[in-house]
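Following: one structure in structure tokens, then a few remarks.
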């Protein structure tokens with residue numbers, strides 16, 4: 001089992017786009033078959049190091065790659081690329 005964890009910091013003044021991105025990302029759960037579980041959360045601390053996090057689980061690294069290259073994910077990710085100032089990601093074995 002692989003956990004795919006991603007955190008983002010969004011540009012100031014992009015709250016509406018950030019909401020659109022996070023809602024669209026969460027909606028992928030159940031649409032992309034290789035996702036075993038997915039949780040999208042906003043930071044409880046305003047002005048913290050990161051604004052949101054994705055914690056998702058896949059059976060394999062190959063499934064993570066399938067997810068990352070799925071057209072539905074790429075469409076949602078395009079929103080994020082326009083508004084993020086920072087992003088960090090890690091894939092870990094669970």
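Points worth noting:
- Filtered residue count, the range 55-94, keeping only those that are surrounded by fewer than 14 Cβ atoms within 10 Å (Cβ to Cβ), under 20 Å from residue 20 (Cβ atoms) and more than 13 Å from the chain's Cα centre (by Cα): 3
- The residue of the range 1-10 that is surrounded by the fewest Cβ atoms within 10 Å (Cβ to Cβ), among those that are in contact with a helix residue (DSSP H, G or I) (Cβ under 7 Å, 6 or more places away or on another chain) and farther than 15 Å from residue 78 by Cβ, is 2.
- For residue 31, the requirement of being at pLDDT 95 or above and either more than 17 Å from residue 77 (Cβ to Cβ) or more than 15 Å from the chain's Cα centre (by Cα) (or both) is not met.
- Failed criterion for residue 20 (all others in (1) more than 15 Å from residue 89 (Cβ to Cβ); (2) modelled with pLDDT under 95 hold): (2)
- Each residue in the range 11-54 was checked for being touching a residue at least 40 places away in the same chain (Cβ under 8 Å) and exposed (fewer than 11 other Cβ atoms within 10 Å of the Cβ), and 2 pass.
- Positions within the range 33-59 being touching a helix residue (DSSP H, G or I) at 6+ places or on another chain (Cβ under 9 Å) and under 18 Å from residue 91 (Cα atoms), in sequence order: 34, 35, 36, 38, 39, 40, 41, 52, 54, 56, 58
The values are calculated or read from the model by the stated rules, or taken from the named source; none is laboratory data. Since this is a predicted model, take the numbers as computed values, not measurements. Note that we place each Cβ from the backbone using ideal geometry, even for glycine, and neighbour counts take in every protein chain shown.
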